[in-house]
Amino acid sequence: MALSFLLTVLCLPPLAFGLGQTPTISFTQGAIQLAGGNSLTTLFLGSNEFPGVQRAGGDLSADFGRVTGKNLTINTGDFSASDTSPSSGPVIIVGTIGKCKLIDSLVAAGKIDVSKISGQWESFQSQIVANPMPGLSSALVIAGSDKRGTIYGIYDVSEQIGVSPWYWFADVATTQQSQIYALDIVKTQGPPSVKYRGIFLNDEQPALTNWVKEKYGGVGYVSGFYVRVFELLLRLRANYLWPTMWDSMFNLDDTKNPQLADSYGIVMGTSHTEPLMRSTKEQQKYVSGSWDWSTNKAKVISFLTDGAKRAKPYESLFTMGMRGSGDTGSSTLTADSLSDVIKSQQSILSSVISNNLSSIPQMWCLYKEVGGYYQKGMTVPNEITLLWSDDNNGNMQRLPISSELSRSSGAGVYYHFDYVGDPRNYKWINTISLEKTWEQMHLTYERGARQIWIVNVGDLKPLEVPISHFLDMAYDMTLYQSPTSTQTWLSQWATREFGSGVSAAAASIMDRYGMYANRRKYELLDQSIYSIVNYNEADTVLNQWQVLVSDAQAVYNSLSPAAQPSFFEMVLHPSKAGYILHQLYIATAKNALYAGQQRVSAATQGDLAVTAYAQDSALSTTYHKLLGGKWNHMMDQTHIGYTSWQQPSANSMPTLKWPAPSTKGQPGVAVDGGSSTHSLPSMNPYGPRSRWIDIYSTSNSSSTFTVSSDAWVILTPSSGTLKAPGDATDQRVQVSIDWTNAPAGSSTSQIAVVAGTTSVTVSLPLQNVNVPSDFAGFVESDMTISIEPEHYTSVTSSATASYGIIPGYGRTLSGVTLFPVATSTQTAPDSPKLTYNIYVFTATTASITIHLAPSLNTDSSRPLTYAISIDNDAPTKAQYVPITQLGTLPSTWSESVKNAGAKYITKHAVTAGPHVLNLWALEPGVVFQKIVIDLGGVRTSYLGPPESMRVGSGFNDA
């Protein structure tokens, strides 16, 4: 099927693609010319059609105008296939089965066969139909199975002609086309992979709230705002919304809100803590007495009943259950009383809406402490979807187990791209790894949670990219089965938003950005994170960000003025913002280190930090001034100066240090690795090509310096001048080795550093050693071996499981995990295995740290576990995520979330020589991110040592 589709596409003329969907539109040739011909295209819409369909038809007309300069002509009437067409063409016929007389008559006449979509949820079919009406030779016909099916069919054409779903919310420009053609292809789409797919607008103060107040007259979240959101959701093929809840009441702030949502075709819900369509603010304002089931049951029931009555005319998905007031746990609820809550709520729905409860969409979100009630044995009626939650940081806590798969209402997930709470808020801008989202949501889907996917998106605006990715997967997960699907999606997304000419570059930028930003949430960053002295870590990270910004700026500069705003909002701004924040904290860290060393350049680093802090503010101002202030306030969120989980009231500059001015201080010396005794980390031919020595001024006086050592020690530069004041107060000397002339075996070279009256001897341990010529694998250097898991020497598979690589996953390169994710528990040593050839020079007891995804146990009977061994030793099992009660988090959770990764250490005796490291994932969901073998030399860093040298051939190098 995939090959057939590919061959079809390759044989077609140049196309416009709906992202990942089957193309039916071309800009060069096709069966019907919809634009650029002698006549304007007419859109036929039934007069009895759903208002939401008619409204979307108006959007399609306007979209043609955006692309061609000419809107479609809309003809709304009670047409039949036997009526003479009011237009000879070109014509687009749109309608819903059972609602549109023209569509139904075409079906009755045998001119279209809708058997594949009839009665299906949110499905549509589009095709060219010959002689659909007397006087009309052909037409493009879009038939929907229901209201949203038809609407999605309409927006499918809009997207393919070049109108992005984000044309308004992210200012994506449309490319002008002189001609548009419909292809002679029968396209059948749907039903969607997940039934209810949507977003939660949350944590919306200050940015979104301030923006809404400015743009909508200070009256809050009114219908003028929400209709923009409704349209965006439908264009993204979503259907479900939890509205803002901090200080707003969707149904009361503007009484048109619920009616418009229903008219557009949006299924409304409320958050996990707001039962029966009553908002948190309503609970606080309109419940007579306390929000407490144990003491105020009758009045709470009355309050909830009013909510059900108010929602009755509209399509709703009812939140069931109860928590404490204001999104907190309740001190009085128990499993028994919560069962009574749900029983009473179902009684309300039965009396107010329908006595057929299975016809009323309902869900219960097992969020935080609520999961504990369920684990204690609560029986939840089958009509209620169990909505499982992540840990607020993108790690699913629980997924359906075998005994729950038969529930008629199924299961769903509540996910987060934004959060307020422990270990720290993250609500400023996009910090989402799309690869991690894919890994968790693919697991979710395969484990059977397919009824509801809802994601907390905070202020909406800064999260355009992850929102699109999440909802595209929810709509058609069949397109996202491969672990490489994220890269494919990014390429398609970049093509749609910015054009094929820059799509490869834009996709690469966003892929790297997702990894860099997700290494540690911006709000968790400070000057202590990346090492200044070990592995050149801080400078390497900062250089990665600098290259990213340079690449993004180059793409931005190449775009037309019309295309630049959207690229700035979604790509350039977050890249620059991330770079500036890393500049700020790395400069602050260097300032503190250098001040402690009395370096004059501490002041320079302080100035760099001050400049970065100012640039952060200036970048927000640039964003706010964009397009005449269209997005003013969207960057109001504070993000610098956190001291606890809660946001600071204002950004605050980190504390800086300034060494006392001196005219007498003599130059100082510091070394790679930070040794106070001036001992460099050891070197061998298989490690870093160089180490460094810093010679620095501690006064406002200039000094000359020289460095010298053995003939095989190469020092660059070997002499020079420290100029103070000025830009040359520091000099970094690179130390490398001529291994062909260095002494064999172990030795120590002494490096003499003379600067002014300062004289320091730096020691450099050397191991001039060689591995056998027939060895292929990773080689120890500096008593360390570091491995990226995808670079295995060999891999085995079984009939039921194999390993796959998720490119771009994790903090440094990729992730390796078991597929399929629904496979059974594995048993080492007979299950699929990864092997790594290693060569060790240091005989010792090695500490082997496996860096893993920060995933949680989604089934307590199958905790995340791996096994490891050296050579033929018995495998050591490592269960790295403790089992906890549902509703509580393991003791390892906080650090894993902060570090965007878990780690676990096992001990293994090794002798000098070649060995094989064996690694088994014993459960799907175990994702390997890095392997670090500490033979006594691993130094402190955030990302771990860079990957060790590999020699020979035969290992995987994906």
(message) Residues that are surrounded by fewer than 18 Cβ atoms within 10 Å (Cβ to Cβ), modelled with pLDDT of 95 or more, outside the structural domain of Ser702 (by TED's automatic domain parsing) and of a type in the set (Lys, Arg): does region 589-599 have at least one?
(response) no
(request) Report yes if some residue within region 334-355 is farther than 21 Å from Val287 by Cα and touching a Lys or Arg at 6+ places or on another chain (Cβ under 8 Å); otherwise report no. (result) yes
(request) Select the strands (runs of 3 or more DSSP E) contained entirely in region 826-923, then report the ones holding at least 2 residues which are of a type in the set (D, E, K, R). (result) 902-910
(message) Can you find a residue that is part of a loop (DSSP other than H, G, I, E, B), of a type in the set (Phe, Trp, Tyr) and modelled with pLDDT of 95 or more anywhere in region 221-239?
(response) yes
(message) Kindly evaluate Phe250 against the criterion of being assigned by TED's automatic domain parsing to the domain that holds Ser344, closer than 23 Å to Val420 by Cα, among the aromatic types (Phe, Trp, Tyr) and modelled with pLDDT of 95 or more.
(response) yes
(request) Just give me the residues in region 843-862 being farther than 20 Å from Val910 by Cα and either crowded, with 21+ Cβ neighbours inside 10 Å or in the same structural domain as Trp388 (by TED's automatic domain parsing) (or both), in sequence order. (result) His851, Leu852, Ala853, Pro854, Ser855, Leu856, Asn857, Thr858
(message) So Thr817 passes all but one of these: (1) surrounded by 23 or more Cβ atoms within 10 Å (Cβ to Cβ); (2) assigned by TED's automatic domain parsing to the domain that holds Ala846; (3) closer than 30 Å to Gln605 by Cα. Which condition number does it fail?
(response) (3)
(request) Of the numbered conditions (1) out of contact with any helix residue (DSSP H, G or I) (no Cβ under 9 Å at 6 or more places or on another chain); (2) under 29 Å from Asp327 (Cα atoms), Asn251 fails exactly one; give the number of that condition. (result) (1)
(request) Within region 732-742, identify whether any single residue is of a type in the set (Ser, Thr, Tyr), at pLDDT 95 or above and crowded, with 22+ Cβ neighbours inside 10 Å, and answer yes or no. (result) no
(message) Can you pull out every residue in region 393-442 that is assigned to a loop (DSSP other than H, G, I, E, B) and polar (S, T, N, Q)?
(response) Asn393, Asn395, Gln397, Ser406, Ser408, Ser409, Asn425, Asn430, Thr431, Ser433
(message) Out of the residues in region 183-218 meeting the condition of being β-branched (Val, Ile, Thr) and not in a loop (DSSP other than H, G, I, E, B), tell me which one is surrounded by the most Cβ atoms within 10 Å (Cβ to Cβ).
(response) Ile199
(request) Only residues that are assigned to a strand (DSSP E or B) and within 22 Å of Asn536 (Cβ to Cβ): list them for region 692-721, please. (result) Trp692, Ile693, Asp694, Ile695, Tyr696, Phe705, Val707, Val713, Ile714, Leu715, Thr716, Gly720
(message) Restricting to region 489-500, and then to whatever is without any contact (Cβ under 8 Å) to a residue 60 or more places away in the chain and over 14 Å from Gln564 (Cα atoms), can you tell me which residue is surrounded by the most Cβ atoms within 10 Å (Cβ to Cβ)?
(response) Leu490
(message) Of everything in region 618-651, what is under 20 Å from Lys521 (Cβ atoms) and assigned to a helix (DSSP H, G or I)? Give them in sequence order.
(response) Leu619, Ser620, Tyr623
(request) Scan Ala238, Ala261 and give me the residue that is out of contact with any Gly (no Cβ under 9 Å at 6 or more places or on another chain) and closer than 17 Å to Asp146 by Cα. (result) Ala261
(request) Could you look through region 271-303, keep only residues that are part of a helix (DSSP H, G or I) and small (Gly, Ala, Ser), and pick out the one that is surrounded by the fewest Cβ atoms within 10 Å (Cβ to Cβ)? (result) Ala298
(request) Name every residue in region 123-148 that is under 22 Å from Tyr475 (Cα atoms), in contact (Cβ under 8 Å) with a residue 60 or more places away in the chain and out of contact with any Ser or Thr (no Cβ under 7 Å at 6 or more places or on another chain), in order of residue number. (result) Gln127, Arg148
(request) Quick one: Ile74 ticks every box in (1) surrounded by fewer than 19 Cβ atoms within 10 Å (Cβ to Cβ); (2) hydrophobic (A, V, I, L, M, F, W, C); (3) touching a residue at least 40 places away in the same chain (Cβ under 8 Å) except a single one, so which number is it? (result) (3)
(request) Could you run through region 131-166 and say how many residues are in contact with a helix residue (DSSP H, G or I) (Cβ under 7 Å, 6 or more places away or on another chain) and assigned to a loop (DSSP other than H, G, I, E, B)? (result) 6
(request) Give me a count of the residues in region 348-381 that are outside any loop (DSSP other than H, G, I, E, B) and loosely packed, with under 14 Cβ neighbours inside 10 Å. (result) 3
(message) With the requirement that a residue be outside any loop (DSSP other than H, G, I, E, B) and either among the small types (Gly, Ala, Ser) or out of contact with any Gly (no Cβ under 8 Å at 6 or more places or on another chain) (or both), what does region 787-817 give you?
(response) Ile787, Ser794, Val795, Ser802, Tyr803, Gly804, Pro807, Ser814, Gly815
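The values are calculated or read from the model by the stated rules, or taken from the named source; none is laboratory data. These figures come from a predicted structure and were not determined experimentally. Positions of Cβ are backbone-derived with ideal geometry, glycine not excepted, and every protein chain shown enters the neighbour counts.
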